[in-house]
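The values are calculated or read from the model by the stated rules, or taken from the named source; none is laboratory data. Being a predicted model, the structure only gives us computed values, none of them experimental. Backbone-built Cβ (ideal geometry, glycine too); neighbour counts: all protein chains shown. Ligands, DNA and RNA are stripped out before the accessible areas are found, and what is left, the full protein with its side chains, is counted by its heavy atoms. Shrake-Rupley method; radii C 1.70, N 1.55, O 1.52, S 1.80 Å.
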Amino acid sequence: LLFVVGTVSCTLFLAVNGLYSASDDVIELTPTNFNKEVIQSESLWLVEFYAPWCGHCQRLTPEWKKAATALKGVVKVGAVDADKHQSLGGQYGVRGFPTIKIFGANKNKAEDYQGGRTSDAIVDAALNALRSLVKERLSGRSGGYSSGKQSRQSGGGDKKDVIELTDDSFDKNVINSDDVWMVEFYAPWCGHCKNLEPEWAAAATEVKDQTKGKVKLAAVDATVNQMLASRYGIRGFPTIKIFQKGEDPVDYDGGRTRSDIIARALDLFSDNAPPPELLEIISEDVLKSTCDAHQLCIISVLPHILDTGASGRNSYLDVMLKMAEKYKKKMWGWLWTEAGAQSDLESSLGIGGFGYPAMAAVNARKMKFALLKGSFSEQGINEFLRELSVGRGSTAPVGGGAFPKIHSVEPWDGKDGELPVEDDIDLSDVDLDDWDKDEL
């Protein structure tokens, strides 16, 4: 059996097993139609970002369909396969599944839905959001697409998050910055620049929010700041360049819509983002939430603390962290446990009782796993994960077809282990002659 992961296999699976179809009242959204259907719409939208392999998403599906039918003609209800369309999920900061967003008056400021997963709760939230939207319109504060159209006609959007750079300010802001900069070189008379302006402005705000300011969008008037235009060989407008610390600038040659710009910015952010969290399995919730939310969860079983001490354990954790960094774009979950702490889990993964440290990659949707056969080292783990990422490697079903009971344990305190202290037994004052010999 092949351990199938990757975009090709996902596409094949989704073609057969998408959670929604054309016969539902849920509107399927993709990068192709999202801007037209949602962003440019006057309607209130509830949008679910899901992955077909996610158990929580599968359980939500009938409730989401029921809510969509109830709200038909009142509130639009959509769904994005964010496993298939990762750029769209990334654009809205989707890190787990399902994520539900409410697109109200200001379509560039979607709100997270935090309510219950029943159709009643979803409908209630939709109607509350609709009431707020109508009241905003009544008070003249509507921030919907209509205001966007007006700003486009007047030649600019709200550019508050686009950083204007000049010959004097460029180097101190950009060249030595630890942040990533996307810089548009423009000319005020250029028609293409005017068309790009509202897209660039909207993208700047979204990117600032999504990356906590780690990716910045800026603009340079190349007709005024001719030193910069000359330094970077600007010949046409608009020209967009990407600046990263310690690297030569590169041209951005992607699309000119806000979604294209945001998608590239988030890719740049993920390249520079910290690795995923490495969590100890101290409860069932840690295991389930991590493995349900990611296509693969990488589980390591490390030797007992008495066998390695703190320094030995930390060296193993360091190897895992390096691999998590290397493969962070895969958005896998990373877990570890101590040998013997979760013996049922070990047995279900064919580890059980020997061969520590060990590593298994688990596909919780299919309840299949692959075991690391090579060494628990950077090289050995890298070869193992590289094979998985291209759809190779042998797999086996998780024992029992489901995760076993997970025991709640105290998290490791970061210290060396201590042997249990045994009480000394003093037999000096015991007179054995007094004992009933029948009891011996």
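Conditions tested, residue by residue: (1) surrounded by fewer than 19 Cβ atoms within 10 Å (Cβ to Cβ); (2) assigned by the TED database to the domain that holds H85; (3) outside any strand (DSSP E or B).
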position: L287; (1), (2), (3): no, no, yes
position: S300; (1), (2), (3): no, no, no
position: G309; (1), (2), (3): yes, no, yes
position: L321; (1), (2), (3): yes, no, yes
Original post:
What is the number of the single condition among (1) over 30 Å from M359 (Cα atoms); (2) in contact (Cβ under 8 Å) with a residue 12 or more places away in the chain; (3) over 26 Å from the mean Cα position of the chain (by Cα); (4) open to solvent by less than 50 Å² (accessible area, probe 1.4 Å) that G236 does not meet?
Top reply: (2)
Original post:
So which residues in region 95-148 are touching a helix residue (DSSP H, G or I) at 6+ places or on another chain (Cβ under 7 Å), among the hydroxyl-bearing types (S, T, Y) and either closer than 27 Å to S289 by Cα or modelled with pLDDT of 90 or more (or both), if there are any at all?
Top reply: Y113, T118, S119
**OP:** Select from region 82-101 the residues that are open to solvent by less than 30 Å² (accessible area, probe 1.4 Å) and touching a Leu at 6+ places or on another chain (Cβ under 6 Å) and list them in ascending order.
**Re:** G90, P98
**OP:** Search region 46-64 for residues being surrounded by fewer than 20 Cβ atoms within 10 Å (Cβ to Cβ) and under 17 Å from the mean Cα position of the chain (by Cα), and hand back the single one that is nearest to K109 (Cα to Cα).
**Re:** H56
**OP:** Would you confirm whether any residue within region 247-267 is of a type in the set (A, V, I, L, M, F, W, C), surrounded by fewer than 18 Cβ atoms within 10 Å (Cβ to Cβ) and not assigned by the TED database to the domain that holds I351?
**Re:** yes
Original post:
Of all residues in region 51-70, which are at pLDDT below 95 and in contact with a helix residue (DSSP H, G or I) (Cβ under 7 Å, 6 or more places away or on another chain)?
Top reply: A51, P52, C54, G55, H56
Original post:
Given (1) open to solvent by less than 10 Å² (accessible area, probe 1.4 Å); (2) farther than 23 Å from S289 by Cβ; (3) not polar (S, T, N, Q), where does K72 come up short, assuming only one miss?
Top reply: (1)
Original post:
Looking at this structure, is K437 modelled with pLDDT of 85 or more and open to solvent by 100 Å² or more (accessible area, probe 1.4 Å)?
Top reply: no
Original post:
Restricted to region 194-215, and to residues that are open to solvent by 50 Å² or more (accessible area, probe 1.4 Å) and among the charged types (D, E, K, R), which residue is nearest to G89 (Cα to Cα)?
Top reply: D209
Subject >> Subset of region 29-63 (residues that are part of a loop (DSSP other than H, G, I, E, B), in contact (Cβ under 8 Å) with a residue 40 or more places away in the chain and of a type in the set (V, I, T)) >> reply: T30
Original post:
Taking into account only those residues within region 268-285 that are under 15 Å from the mean Cα position of the chain (by Cα) and among the small types (G, A, S), which is most open to solvent (accessible area, probe 1.4 Å)?
Top reply: S270
